[in-house]
Amino acid sequence: MDLDMKSVFTIIFGLIIGSFLNVCIYRLPRKGSIMSPPWSYCPHCGHTLSAIDNIPVFSYIFLRGKCRYCKGKISPRYITVELLTAGLFVLTLHQYPRISSPFAVLGLATAWIFAAFLIVISFIDLEFTIIPNKIVYPGLVVGFLLAICSAVIQADIKLLLHRVLGAIFGAGVIILIAIAGKAVFRKEAMGTGDVRLMAMIGMYLGWLPHIFVTLVSAAFLGSIVGLILILVRRGKMDSVIPFGPFLSAGALLSMLYGENIWIWYRHLMGL
């Protein structure tokens, strides 16, 4: 199978997974089950959606973002999550041009699982300003088990230690930032959810350079978005902006291009 066909199948797979992630994003913060009911339904009228109404992206476009039955407006989040998932899956696929070994297959699967967790966490945090433990803790456990698998396949315990150190160091840095921020600004600078999220990110990406790239990228992106919100008068200097999506974006950037960014930074600094 050539790379083009792999990309096509990856896009289809990503769209399907993105559709499932939308179920998680909608139901979990509302204390619903992702398994029951097993079918999708309109969030406005509760009508069970048919198979043709559940085709990722195409159903949203065909129905013009409205429910077929009650004409209620469907959030653009649905198509956004589906396209984002498919796009990230394809970008990750291109990091593994030759999937010819168990380690490469595991690496690709790990990247996809990691991206899926971050997408769910980010969109829930954007809407509810919470990072649910019911997502972060399973993410940590799965990341730890995948790290063990990587170490076993490569027969190298250092791979597991690298991931565990990433979790510890990532959480520790956020804790230090929270303590310093509270001392300077006299208010909470970071939530405990951000600490747990950064621990999860470290468990998947490992220690340096990824923790550094994630934090710097998140801070940069958060600053840019914050300034834009202030300029358009939708925010104030003391407005609360959830940091989870920026940590997630920084982590995804580091996962895809972290090594190259680190090399560029060291060259820039003359290190």
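All of the numbers you see were taken from the coordinates with simple rules; none came from a lab. Note that the coordinates shown come from a computational prediction; the quantities given were computed from them, not determined experimentally. With ideal geometry, Cβ positions are generated from the backbone for all residues, glycine too; neighbour counts draw on all protein chains shown.
One table, with the values for the structure above:
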{"read-out": "Debye, to nearest 20: dipole size of the chain, +1 on Lys, Arg Cβ, -1 on Asp, Glu Cβ", "value": "840 debye"}
{"read-out": "Length gained when the stretch Phe185-Ile168 is fully extended (0.36 nm per residue, less Cα-Cα span)", "value": "3.6 nm"}
{"read-out": "Residue pairs, from the table Lys6/Lys71; Lys31/Lys187; Lys134/Lys182, whose Cα atoms sit over 31 Å apart", "value": "Lys6/Lys71"}
{"read-out": "Placed amide H near Lys66: partners under 5 Å, 5+ positions off or other chain", "value": "Ile74"}
{"read-out": "All aspartates and glutamates inside 17 Å of Lys66 as judged from Cα atoms, apart from same-chain residues fewer than 8 positions distant", "value": "Asp53, Glu82"}
{"read-out": "Helix runs (DSSP H) in the chain reaching 30 Å along axis by Cα, Kyte-Doolittle at least -0.5", "value": "3-27, 102-128, 133-154, 157-185, 210-231"}
{"read-out": "Spin-label pair Val216/Tyr137, simplified geometry with 7 Å Cα→Cβ offset, distance in nm", "value": "3.5 nm"}
